[in-house]
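Contents: one structure, followed by commentary.
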There are 2 protein chains.
Amino acid sequence: MVRAAVFDAFGTLFDIHSLAAACEAAFPGRGEAINRLWRQKQLEYSWLRTALGRYRDFWGITGDALAYACGSLGCVLTDDIRARILAAYDSITAVPEASAALTSLRARGTGIHIFSNGTLAMLRTAARSTGLDALVDGYLSVDEAVRQYKPVPAAYHDVIRRLGAPAAEILFVSSNYFDVAGAKNVGFRVVWVNRSGAPPDALDLTPDHTLPDLTRVASL
Amino acid sequence: MVRAAVFDAFGTLFDIHSLAAACEAAFPGRGEAINRLWRQKQLEYSWLRTALGRYRDFWGITGDALAYACGSLGCVLTDDIRARILAAYDSITAVPEASAALTSLRARGTGIHIFSNGTLAMLRTAARSTGLDALVDGYLSVDEAVRQYKPVPAAYHDVIRRLGAPAAEILFVSSNYFDVAGAKNVGFRVVWVNRSGAPPDALDLTPDHTLPDLTRVASL
């Protein structure tokens, strides 16, 4: 039985590769490399700040990671270029099948929430930009209370508390394996969306289902 | 005043690039790519397992990360190849100036310890392989008691307790910025060895000194 469906945001519903275009426009020929390192550092900073006990919100971390990526690759990030690249988050796209998948779930009466490291402002902006806001019942951010990042158990326990549903009746969907591991670690029913055919990470936690994209989520 | 000098191991005293040769011998043309992803995943797993509360020792993580890197890059890791690549840790080399730098420190009467995520077996093997064992007074591993990885404060507090010295009188040397941040977070006097001219990570913590290699550590 599924009482609620909870989706990760960036990488799962929202296409972070769409940010590469803004990097490429600013630094021709380097867009992919910048975007890849930007994402890697964004996650790395979330894990390191959690370990250090030095929280900074995900929008702040996102800007920090962009600065690192550009600095590391020898690209000069002026305030103007920085603002233009970060503005790509305002027009982020959804993965192609997101709207149809959420529509199918709603047709079955399943409530839909987004649970993310991102701030509420980031989540609402992305949902509006992609038109998914009409299909989402609520937004949950680690920024609201826990102020530690995925995959710490406290972040997922807060979701359980706020949805008032047992962990085993929450269907959790993420394309990020560390997030799959974090959700499984507290007993959620977990779908790993493995678009790239990546190997699973060796974290002693495995998803209940693995799908190539969101299309068949509603059929679970 | 410096009561003790504490060095990080892998990347700081021991040259992890020397592992690339074993990767290259096993998978010609892919050695550098495998070694880079291997190291990235090794660190990632240490941070994620700490966040998840699912400790596994660093030798285990090191094997897991190698398997991920090979799988991700389409290289088939047989048991035999796996054993041969991991054996490179038994003959790891030191960074060129390590021996001279530790010798200078000892000549000033400063005790030298290695503090690492690695298991005691990994540390003793590497110290013997490089000949640095004759210059080292002791080995400290997160594996002995804390069983959480750098940069969690508990790992560094254990070093303070065991050395019986105030944090401000411990000179800590690392080439890994997350480790610099972790050491600074508990008040150590910290040297960042920045061999590649990388930008500092944005973690709100900065080293007391930055050096291009270990050569001048004794002069601090």
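The values are calculated or read from the model by the stated rules, or taken from the named source; none is laboratory data. For clarity, every value in this text was computed on a predicted model and none was experimentally measured. Ideal geometry is used to build each Cβ from the backbone, glycine not excepted, and the neighbour counts take in all protein chains shown. Keep in mind that these areas ignore ligands, DNA and RNA; they rest on the heavy atoms of the full protein, side chains included. Shrake-Rupley method; radii C 1.70, N 1.55, O 1.52, S 1.80 Å.
In summary, helices (runs of 4 or more DSSP H) completely within region A:1-76 and bearing 1 or more residues that are within 9 Å of another protein chain (Cβ to nearest Cβ) and in contact with a helix residue (DSSP H, G or I) (Cβ under 7 Å, 6 or more places away or on another chain) occur at A:31-52, A:58-72. Pairs linking a residue in region A:12-32 that is within 20 Å of A:Arg128 (Cβ to Cβ) and among the aliphatic types (A, V, I, L, M) to a residue that is part of a helix (DSSP H, G or I) and open to solvent by 70 Å² or more (accessible area, probe 1.4 Å), with Cβ atoms under 7 Å and 6 or more positions apart or on different chains, are A:Ala22/A:Arg84.
Based on what the data block shows, is B:Gly182 farther than 22 Å from B:Ser46 by Cβ and of a type outside the set (Asp, Glu)? Spelling it out, it is not the case that B:Gly182 is farther than 22 Å from B:Ser46 by Cβ and of a type outside the set (Asp, Glu). Within region A:1-43, the residues that satisfy the criterion of being within 30 Å of B:Ser46 (Cβ to Cβ), open to solvent by 30 Å² or more (accessible area, probe 1.4 Å) and not hydrophobic (A, V, I, L, M, F, W, C) are A:Asp15, A:His17, A:Arg30, A:Glu32, A:Arg36, A:Arg39, A:Gln40. Filtered by the rule that a residue be surrounded by fewer than 19 Cβ atoms within 10 Å (Cβ to Cβ) and within 14 Å of chain B (Cβ to nearest Cβ), region A:203-220 gives A:Asp204, A:Thr206.
Selection of helices (runs of 4 or more DSSP H) fully inside region B:113-189 by the criterion of at least 3 residues being open to solvent by 30 Å² or more (accessible area, probe 1.4 Å) and polar (S, T, N, Q) returns B:120-130.
Only one of (1) open to solvent by 10 Å² or more (accessible area, probe 1.4 Å); (2) more than 23 Å from A:Arg161 (Cα to Cα); (3) more than 14 Å from every other protein chain (Cβ to nearest Cβ); (4) at pLDDT 95 or above fails for A:Arg108. Which number is that? Tallying (1) open to solvent by 10 Å² or more (accessible area, probe 1.4 Å); (2) more than 23 Å from A:Arg161 (Cα to Cα); (3) more than 14 Å from every other protein chain (Cβ to nearest Cβ); (4) at pLDDT 95 or above, A:Arg108 fails exactly one: (4).
Determine whether A:Asp80 is of a type in the set (Asp, Glu), in the same structural domain as A:Gln40 (by TED's automatic domain parsing), surrounded by fewer than 21 Cβ atoms within 10 Å (Cβ to Cβ) and touching a helix residue (DSSP H, G or I) at 6+ places or on another chain (Cβ under 9 Å). Here the answer is no, as A:Asp80 does not meet what is asked. Determine if region B:99-115 includes at least one residue that is hydroxyl-bearing (Ser, Thr, Tyr) and not assigned by TED's automatic domain parsing to the domain that holds B:Leu163. Among the residues of region B:99-115, not one is hydroxyl-bearing (Ser, Thr, Tyr) and not assigned by TED's automatic domain parsing to the domain that holds B:Leu163, which makes the answer no.
Determine whether region A:125-143 contains at least one residue that is within 14 Å of chain B (Cβ to nearest Cβ) and among the hydrophobic types (A, V, I, L, M, F, W, C).
Yes: one or more hits.
With respect to the conditions (1) away from every other protein chain (no Cβ under 14 Å); (2) touching a strand residue (DSSP E or B) at 6+ places or on another chain (Cβ under 8 Å); (3) among the hydrophobic types (A, V, I, L, M, F, W, C); (4) under 30 Å from B:Leu43 (Cβ atoms), A:Phe188 falls short on a single one, namely (1). B:Ala69: in contact with a Gly (Cβ under 8 Å, 6 or more places away or on another chain) and buried (at least 23 other Cβ atoms within 10 Å of the Cβ), yes or no? So B:Ala69 fails the test. From the list A:Arg49, A:Arg30, the lone residue that is under 25 Å from A:Ile160 (Cα atoms) and not assigned by TED's automatic domain parsing to the domain that holds A:Arg108 is A:Arg49. Looking across region A:44-59, the residues that are over 14 Å from A:Pro151 (Cβ atoms) and hydroxyl-bearing (Ser, Thr, Tyr) come down to A:Tyr45, A:Tyr55.
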